[in-house]
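Scroll down for the structure; my scribbles are underneath it.
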Amino acid sequence: MENNALHDKSVVRVAGKGRRDDHPRIKALRAACRLQHFSPRTEVCYASWVWQYMLFYWSRQDLSGQPAAEVITAFLTELAERRQVAASTQNQALNAVVFLYKHVIQVDVGDFSRFVRAKRPRNLPVVFSRDEALRVISLLPEPYALMGALLYGSGLRLMECCRLRVKDLDFDRSAILVKFGKGAKDRMVPMPSVTVDRLRSQVARASALLADDLAHGFEGATMEPALARKYRRAGKEAGWQYVFPASRLCVDRETGCFYRHHLHDSALQREVKRAVRRAGVNKAASCHSFRHSFATHLLESGVDIRTVQDLLGHKDISTTQVYLHVMRRGAGVVSPMDMGGVA
């Protein structure tokens with residue numbers, strides 16, 4: 001299929017995100033993403049990359065009428081050579097465009113493997129020492145200190161922590177159920193004993209906030225569309241409330257109803273950055289450094305790598321093995337400066 005049958009140039013004359021989302025191909029892409037149960041962030045990301053791909057095609061007269069494989073090759077090469085994106089960014093664009101052709105247009109694009117690949121740097125994860133992790137957490141205000149304790153003590157991803165619901169906390173088993181983690185996979189992780197009382201208090205605050213919201217005629221917690229259709233009153237039930245609810249309500253543009261979402265991830269990221277600076281930790285650390293530290297410290301304590309893989313929710317053990325490299329960095333090697341005979 002020729003690409004001029006794929007795109008409609010009429011929309012590009014008016015700039016702006018709203019016009020992008022009005023394009024029939026973008027609408028179809030978003031619908032396909034929801035059918036595949038992609039996360040909202042993946043949907044937004046794919047829509048952005050497909051739009052950039054379409055703009056690239058429209059701007060290149062020499063590609064008019066060329067097979068899709070040629071256009072994809074040129075687009076991915078441009079990302080690597082002119083825009084100099086990271087390898088992970090190029091792969092993200094590749095996945096979005098392939099998804100477009102496979103699930104929206106339903107066309108086999110053929111071989112496009114000749115594109116120039118961005119260089120993949122071999123970066124080791126930034127890991128806190130145990131003292132650094134605890135020091136940073138101690139400098140966080142509540143409820144961010146509790147969230148930081150879960151990132152480090154349970155190995156949660158940032159959004160997994162933000163999206164925790166009350167029903168996911170199993171106090172009897174001292175465990176946390178992570179629902180719809182990366183790759184739409186559920187897993188169980190340990191609940192740090194030092195967080196149990198604080199979590200109970202946080203749940204009580206969330207329940208009190210729900211009671212106040214319902215008294216004012218609000219709708220309770222936000223729900224994924226499919227769950228909202230299946231469990232119509234779940235958003236008003238205590239178990240479905242977010243453990244870390246937002247301080248302000250949000251409004252559904254279609255219904256005009258008010259709901260309470262979870263704390264925004266950027267708020268936790270901002271507080272962690274401040275705490276890292278205040279703690280005097282001179283590392284390029286972020287919220288994800290707590291998860292890196294969780295894995296590294298478990299391996300250092302003798303926990304087998306398969307168990308750590310399951311706790312992290314990694315599909316491939318090679319992803320978990322990067323923490324072995326962190327452990328072995330310089331391990332058992334004596335610096336020449338410390339050898340005998342050196343002043």
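Data table
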quantity: Count of residues meeting criterion [surrounded by 12 or more Cβ atoms within 10 Å (Cβ to Cβ) and without any contact (Cβ under 8 Å) to a residue 60 or more places away in the chain] in region 221-250; calculated: 15
quantity: Yes/no for residue 84 being within 25 Å of the chain's Cα centre (by Cα) and more than 19 Å from residue 111 (Cα to Cα); calculated: yes
quantity: Matching residues, region 42-60, being under 21 Å from residue 160 (Cβ atoms) and either outside any helix (DSSP H, G or I) or without any contact (Cβ under 8 Å) to a residue 40 or more places away in the chain (or both); calculated: 42, 43, 44
quantity: Segments classed as helices (runs of 4 or more DSSP H), wholly inside region 197-306, with at least 1 members that are in contact with a Pro (Cβ under 9 Å, 6 or more places away or on another chain) and hydroxyl-bearing (Ser, Thr, Tyr); calculated: 287-300
quantity: Scope region 158-196; condition on the phi > 0 side of the Ramachandran plot and assigned to a strand (DSSP E or B); matching residues; calculated: 180
quantity: Single residue of region 120-140 satisfying the filter (modelled with pLDDT under 85 and exposed (fewer than 11 other Cβ atoms within 10 Å of the Cβ)) that is nearest to residue 326 (Cα to Cα); calculated: 123
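The values are calculated or read from the model by the stated rules, or taken from the named source; none is laboratory data. Model, not experiment: these values are computed from the prediction. All Cβ positions, glycine included, derive from the backbone under ideal geometry; neighbour counts span all protein chains shown.
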